[in-house]
Amino acid sequence: MEDICDLEFITGEKQDRLAQSIHDDYRKLLSGASSESSKYTSDWHTLTEDAKDANRAQADHIPYKFLMTGRNWPVHELQNIMFTDDEVEKLAIIEHNRWMAHRYINGWDFGEERNDDLKLHPSLIPWEILSESEKQKDRDTILLIKVLLNS
């Protein structure tokens with residue numbers, strides 16, 4: 001009971017700090033990419049709860065990524081974390097599928113042009129037909145995990 005009734009479990013402060021770091025790094029990676037809307041690239045404090053929840057969901061999934069590569073969680077020696085190229089690719093595919101599932105659960109669907117009001121997104125497609133630049137976003141997400149956990 002003590003394990004689940006602590007302050008972090010109730011408030012989620014660490015999760016929010018990690019989610020905010022994920023969001024901040026995402027904004028840096030985009031650096032003005034036209035495919036992203038201001039609803040998802042604005043400052044953390046002005047994001048909608050929907051947008052914050054998307055970052056929280058990504059933060060929640062990090063332990064599973066470690067477990068999928070046979071690593072232990074929690075990670076005790078962050079300095080030594082290195083994913084192989086094959087692991088980065090595998091985890092990037094998993095991250096894309098996780099992102100799509102989160103979007104679908106929240107009412108989004110595929111649309112040739114992005115429309116946040118109608119919840120349409122052109123990247124809600126299988127990895128195999130995703131553009132290389134969109135695939136790279138998912139790879140970058142995986143490569144940043146070590147940086148995020150160290151911060």
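The values are calculated or read from the model by the stated rules, or taken from the named source; none is laboratory data. Remember, predicted model here, so these are calculated numbers, not experimental data. Cβ placement follows ideal geometry from the backbone for every residue including glycine, while neighbour counts extend to all protein chains displayed. The area values use the complete protein model at the heavy-atom level, side chains included, leaving out ligands, DNA and RNA. Shrake-Rupley method; radii C 1.70, N 1.55, O 1.52, S 1.80 Å.
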Could you give me the residue pairs with C-beta distances under 8 Å whose first residue belongs to the stretch 13-31 and is closer than 15 Å to Arg139 by Cα and in a helix (DSSP H, G or I), whose second residue is of a type outside the set (D, E, K, R) and open to solvent by 50 Å² or more (accessible area, probe 1.4 Å) wherever it lies, and which are 6+ apart or on separate chains?
Asp25/Val147
Filtered residue count, the stretch 57-111, keeping only those that are modelled with pLDDT of 95 or more, assigned to a loop (DSSP other than H, G, I, E, B) and buried (at least 16 other Cβ atoms within 10 Å of the Cβ):
1
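Being surrounded by 15 or more Cβ atoms within 10 Å (Cβ to Cβ) and at pLDDT 95 or above: is that true of Arg114 here? Spell out the reasoning first.
Details: surrounded by 15 or more Cβ atoms within 10 Å (Cβ to Cβ): yes; at pLDDT 95 or above: no.
No; evaluated as a whole, the condition is false for this residue.
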